[in-house]
Amino acid sequence: MTLAAVAELARAHRLDVFGVCHTEAEDKLGTGTLVLLGPAEPGFWQHVSATDEFQDGGANALDRWSTRVVGTIAQDVGGQALFPFGEPSRPFIGWALRSKRAWLSPVGLLVHDRAGLLVSYRGAVLLDAVLELPEARESPCNSCSNQPCRTVCPVGALGTAGYDLAACHGYLDTDAGQVCLSGGCRVRHICPVSQTYPRSPQQSAFHMAAFHG
């Protein structure tokens, strides 16, 4: 099974290959290749929000959709579906860093070569074959001259000093913070790479609501 075949199956569900890496002993998954899947933009939210999981009124619609879709892709290629939610906990950040398509940004958030700071993963497919890996890439932060992610947060919750979670949630409770709550984190959106990866405002609002509770 080739990576191209996994990518083709994923595209039918508005997913794309966001990184590939080999398993390591610490993963306790045996020998194989991990194919990380993330939203293909533009169009992901329009596609997923029209599916049965979002229409049936049940909880955790996006996770249920991911379980079904990534599970089907894994079954079709003879692999195993793994998820960044539920149990057991899987080290998706570590896998993303290992793939050399995502890195830690100056504000500590994961940044992806295609999705920027809007990167997210809906699941991974574990293949038992040790496939040849794509060529490693370079972090976009290395060529980002002014790095606006460092200074755009109105309360300085995200910056070089780390993540002030209390300040972030506190701001979202204010009238001024409703812009971030409904439109998405300004830090994530100001990234120049993020701006080339158009995410639906409804998707940002969905994730912010889940984050802020």
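The values are calculated or read from the model by the stated rules, or taken from the named source; none is laboratory data. As the structure is a computational prediction, the values presented were derived from the model and not from experiment. Note that each Cβ is placed from the backbone with ideal geometry, even for glycine, and that neighbours are counted across all protein chains shown. Surface areas here come from the heavy atoms of the whole protein model, side chains and all, with no ligands, DNA or RNA. Shrake-Rupley method; radii C 1.70, N 1.55, O 1.52, S 1.80 Å.
Computed values, structure above
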quantity	calculated
Test: residue in segment 69-78 that is of a type in the set (Ser, Thr, Tyr), at pLDDT 95 or above, touching a strand residue (DSSP E or B) at 6+ places or on another chain (Cβ under 9 Å) and closer than 22 Å to ALA115 by Cβ	no
Only one of LEU62, LEU3, LEU82, LEU97 that is closer than 21 Å to SER200 by Cα and of a type in the set (A, V, I, L, M, F, W, C)	LEU62
Any pair with Cβ under 8 angstrom, 6 or more apart, that starts in segment 117-132 at a residue that is among the β-branched types (Val, Ile, Thr) and ends at one that is part of a loop (DSSP other than H, G, I, E, B)	VAL125/VAL77; VAL125/GLY79; VAL130/THR31; VAL130/GLY32
Subset of segment 140-160 (residues that are open to solvent by 80 Å² or more (accessible area, probe 1.4 Å) and within 23 Å of the chain's Cα centre (by Cα))	ASN142, SER143, ARG150, THR151, THR160
Subset tally (residues that are open to solvent by 60 Å² or more (accessible area, probe 1.4 Å) and in contact (Cβ under 8 Å) with a residue 12 or more places away in the chain) for segment 61-71	2
Qualifying residue in segment 32-43 (condition: surrounded by fewer than 19 Cβ atoms within 10 Å (Cβ to Cβ), over 17 Å from the mean Cα position of the chain (by Cα), assigned to a strand (DSSP E or B) and not aromatic (Phe, Trp, Tyr))	no
Pick from segment 133-153, criterion touching a residue at least 24 places away in the same chain (Cβ under 8 Å) and touching a Gly at 6+ places or on another chain (Cβ under 8 Å), ranking: farthest from ARG101 (Cα to Cα)	CYS153
Pairs where the first residue, in segment 34-47, is closer than 13 Å to ILE93 by Cα and the second is modelled with pLDDT under 95 and among the charged types (D, E, K, R), C-beta under 9 Å, 6+ apart	none
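Each row is one residue, and each column tells you yes or no for (1) in contact with a Leu (Cβ under 6 Å, 6 or more places away or on another chain); (2) farther than 27 Å from THR160 by Cα; (3) buried (at least 24 other Cβ atoms within 10 Å of the Cβ).
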position: PHE85; (1), (2), (3): no, yes, no
position: PHE92; (1), (2), (3): no, no, no
position: TRP103; (1), (2), (3): no, no, no
position: VAL111; (1), (2), (3): yes, no, yes
position: LEU118; (1), (2), (3): no, no, yes
position: LEU127; (1), (2), (3): no, yes, no
